[in-house]
Amino acid sequence: MSNPNESTPNGSPSSSPAASSPVPSNPVPSNSTAGNSPSINSAAIPAPVADVVETLDAAAAPEIAVQLGLNLEEYENVVATQGRVPTLTELYIYSLMWSEHCSYKHSKKQLRRFSSEGEHVLQGPGENAGVISVGDGWAVAFKMESHNHPSAIEPFEGAATGVGGIIRDIFTMGARPIASLDSLRFGTLDKPRQRYLFDGAVAGIGAYGNCLGVPTIGGEVYFEEAYEGNCLINAMAIGLMREENLTRAVGSGPGNLVVLIGSSTGRDGIGGASVLASQEFDEAAENKRPAVQVGDPFEEKLLIEVCLELLKRGLFVALGDLGAAGLTSSASEMASRGGVGIDIDVRKVPQREDAMQAFEIMVSESQERMLAVVRPDDLSEVKEACERWGVAWAAIGTITDTGRFVVRDSELPAGSDIVADMPAEMLAESAPEYDPFMKRPAYLDEAQGFDLTTLKHPHGVEELNAAFLSVLASPNIASKAWIWRQYDHQVMNNTVVLPGSDAAVLRIGDTGRGEMSTRGIAASTDCNGRYCYLDPYTGAQIALAESARNLACTGAEPAAITDCLNFGNPEKPEVFWTFSEAVRGLADACKFYDIPVISGNVSFYNESFGHAIYPTPVVGIVGLVEDISCVATAAFKQAGDTIILVGETDDELGGSEYLKVVHGLVAGCPPALDLELEGDIQRVVRTAVRQRLVASAHDCSEGGIAVALAESCIAGGIGATVALDDNLPSASSLFSETQSRILVSVTDANVTAFLTLLAEAEVPYSVIGEVGGALLEIEDKLTVSLKDIAHLYNTTLEHQVLTH
């Protein structure tokens, strides 16, 4: 039986590849990126296992390659690598493995600035997730990834499968998933489509995580016009394991079997990595809906259990998940890491749709699938476990010693059944690598040069009250409880600090000696895209500083980060400059604090109709908690406690929420960041929390000290009386977003010890007030009812979503 879409006897394609699966309608320009594609050393390429008789017509192949997302220079490299015109299956495979989403071809050089070495690191970048040691023989795997483009097309399924994909990355490492977080960005909620995207994405995250039984413990969301064309859905997951159970996706042992476990393969998600995630959106965006994957969390739950059982029993030589580029990516990366070859028969892959072509099977992104390497003698035990859990399985190929990635279609005549034969290393490790031209954006001079002193700021308590209420009611500031109430954040019974505080805290298990451990971990995600728009270097550093500050407020010490770097089209010089500066800033800050980057993701092409999102380098951080019984939260606890501001406030309204809400401006420079001062303040507050010297601790960030005070009052259900001694204009005093500030409350019994600790650390501080009463009063500036501000804070977001 012939395969009509692979090729015809004369070598010409018999029909367009779009006959069965979507192909982008707008080709990538052949000169879209100036860079350095790899030179092909034919002597280093393993010899093909056999002749591929049928190839594409030499005249037609370049056009098909461009339709699939390759540029002409890249196509020529494919030809040089193959030593001939490639087949359609090979072109599909190269187009995905060399896509931006899979190969990081525009970002690799920049990402080398990051350090992945650290005291706790067990596994850095290059695997499905990073892993750190957390004590008592326990290890934590974590990673963050984007699912932006699918979610902009189909928000429920896009966000849901984003959660499913990152969860698979975690248990692939041998860890049981114990938590997820999400960092979200949308346009403003006064627009119906943005409410649809927001509502759908939140529902998708909740539906998948809740069904899976993995708690969603934290995250963040911002609403800005810059994200109207491209929402951002960044999902982070955390898993727990014993150190000795760490597993890697490294193929080995020629003769071992390649086993596909989980859902059957369909046409959903074909082109997700190249059609969606590696191109800008335009008028044809809706036509890309078939490239959005569809998830089944119940299948994934079974997949988690059977895979963890088989890993524990030592029945897997290697394990990888099928994410972007599906079977192609997982298999080729596994072979490349192990320096082996792999031979797959697509007809052995369980399929849920009729007449699937070889290329469709290889690049499908159907969800809930895993790829394992199994010794032949262990196959019967793998089969028994899969059938007991009700999970489908199939042995689809073998590990070889050829170094080649070979795809067969056994429905084709014998002797001409090979539809793809490629060097595995060229697919996974030797994609083109570009160094794009970059240029400082022209808008920065105008934005940073705006004279904020020309603005008329509110004066007097009445005007300041009105401005404060406007800022507090901003969706960027208001309570996100409407979101996290839709998530099961306490399933598994490990959540110590719930969503709504600075960072979530989880207990992590026993001591390994049959005793419950007092240890825990804290996690947070952070990034202010507005800051990064105004200064990507400083903005990226603030993202790290604030995420670490959030951990300090709970008493946790940062151990490592993952990141999700969201930017526009890297082929545009001004966009790539912002990316380079953000990476430089984040790398410099990580090195200063000795915080390794152990995993992450780059999401480019977040543009619609030529308009890019704000540069948004999201940081996901995990820290260690020595004793979960002495963590702090943001809530004021009792009347009479002394309120102390650790740090000091400067006149820094650039990029602030106040400036946007009250004046309608995104301008000025973001707050300055003194890395040394930031580290000192985090250290002293972390020490105080661990010594039980503070009753509460809360990061002072967006909205300034006025919002920080309000949030601590609302969380504790108690008011406060405050006098600020910063000698600044009232608006700056209340709303400046100066960094390196933490608001704490301290009982009378601990005030002296805490002030002594601050003096010894030589950090600035001010004793500013006292907890108590039914009002939030800031002398000469603000007087508001706690009841009124709590209602406004707690209901604004839900009201904007449901009543527009």
If you scan the stretch 781-800, which residues turn out to be open to solvent by 20 Å² or more (accessible area, probe 1.4 Å) and closer than 17 Å to L645 by Cβ? K781
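Right, I621: closer than 29 Å to G187 by Cα, in contact with a Gly (Cβ under 7 Å, 6 or more places away or on another chain), crowded, with 24+ Cβ neighbours inside 10 Å and not hydroxyl-bearing (S, T, Y) or not?
Numbers: closer than 29 Å to G187 by Cα: yes; in contact with a Gly (Cβ under 7 Å, 6 or more places away or on another chain): no; crowded, with 24+ Cβ neighbours inside 10 Å: yes; not hydroxyl-bearing (S, T, Y): yes.
Judged against the criteria, I621 is not a match.
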Of all residues in the stretch 100-146 being among the acidic types (D, E) and either farther than 25 Å from K572 by Cβ or in contact with a His (Cβ under 7 Å, 6 or more places away or on another chain) (or both), the one that is least open to solvent (accessible area, probe 1.4 Å): E100
Among V662, V722, which is the only one that is surrounded by 18 or more Cβ atoms within 10 Å (Cβ to Cβ), in contact with a Pro (Cβ under 8 Å, 6 or more places away or on another chain) and not small (G, A, S)? V662
Quick check on my filter: what residues within the stretch 147-164 are surrounded by fewer than 24 Cβ atoms within 10 Å (Cβ to Cβ) and touching a Gly at 6+ places or on another chain (Cβ under 6 Å)? F156
Looking at (1) outside any helix (DSSP H, G or I); (2) open to solvent by 10 Å² or more (accessible area, probe 1.4 Å); (3) under 24 Å from N750 (Cβ atoms); (4) among the aliphatic types (A, V, I, L, M), find the lone condition where I644 falls short. (2)
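Would you point out which residue out of S470, S479 is over 20 Å from S733 (Cβ atoms) and among the hydroxyl-bearing types (S, T, Y)? Spell out the reasoning first.
Values: S470 fails: over 20 Å from S733 (Cβ atoms).
Exactly one residue qualifies, and that residue is S479.
Out of the residues in the stretch 350-369 meeting the condition of being open to solvent by 30 Å² or more (accessible area, probe 1.4 Å) and not charged (D, E, K, R), tell me which one is modelled with the lowest pLDDT.
Initially, the stretch 350-369 is screened for residues open to solvent by 30 Å² or more (accessible area, probe 1.4 Å), giving 350-355.
Filter once more, keeping what is not charged (D, E, K, R): 350-351, 355.
Working: P350: 97, Q351: 96, A355: 90.
Among them, the one singled out is A355.
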G717 vs (1) more than 22 Å from V784 (Cα to Cα); (2) open to solvent by 40 Å² or more (accessible area, probe 1.4 Å): all pass except (1)
Count of residues meeting criterion [under 28 Å from V491 (Cα atoms) and open to solvent by 40 Å² or more (accessible area, probe 1.4 Å)] in the stretch 190-211: 4
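Suppose we keep only residues that are over 22 Å from R347 (Cβ atoms) and assigned to a helix (DSSP H, G or I) within the stretch 370-381. Which one would you say is most open to solvent (accessible area, probe 1.4 Å)?
Initially, the stretch 370-381 is screened for residues over 22 Å from R347 (Cβ atoms), giving 375, 377-378, 380-381.
Narrowing the set further to residues that are assigned to a helix (DSSP H, G or I) leaves 377-378, 380-381.
On the way: D377: 139, D378: 23, S380: 80, E381: 76 Å².
Selected residue: D377.
Taking the condition farther than 23 Å from G555 by Cα, open to solvent by 60 Å² or more (accessible area, probe 1.4 Å) and out of contact with any Leu (no Cβ under 9 Å at 6 or more places or on another chain), does T803 pass? Lay out the reasoning, then the answer.
Details: farther than 23 Å from G555 by Cα: yes; open to solvent by 60 Å² or more (accessible area, probe 1.4 Å): yes; out of contact with any Leu (no Cβ under 9 Å at 6 or more places or on another chain): yes.
Yes.
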Output yes when any residue across the stretch 666-684 is β-branched (V, I, T) and out of contact with any helix residue (DSSP H, G or I) (no Cβ under 7 Å at 6 or more places or on another chain), and no when none is. yes
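Okay, residues lined up against (1) at pLDDT below 95; (2) assigned to a strand (DSSP E or B):
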{"residue": "A80", "(1), (2)": "yes, no"}
{"residue": "R84", "(1), (2)": "yes, no"}
{"residue": "I93", "(1), (2)": "yes, no"}
{"residue": "C102", "(1), (2)": "yes, no"}
{"residue": "S115", "(1), (2)": "no, no"}
{"residue": "V140", "(1), (2)": "no, yes"}
{"residue": "E145", "(1), (2)": "no, yes"}
{"residue": "H149", "(1), (2)": "yes, no"}
Just to be sure I understand, how many residues within the stretch 59-78 are assigned to a loop (DSSP other than H, G, I, E, B) and surrounded by fewer than 20 Cβ atoms within 10 Å (Cβ to Cβ)? 2
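The values are calculated or read from the model by the stated rules, or taken from the named source; none is laboratory data. The structure displayed is predicted, hence computed values, not measured ones. Methodologically, a virtual Cβ is constructed for each residue, glycine included, from the backbone with ideal geometry; neighbour enumeration extends over all protein chains shown. Side chains included, ligands, DNA and RNA excluded: accessible areas come from the protein's heavy atoms. Shrake-Rupley method; radii C 1.70, N 1.55, O 1.52, S 1.80 Å.
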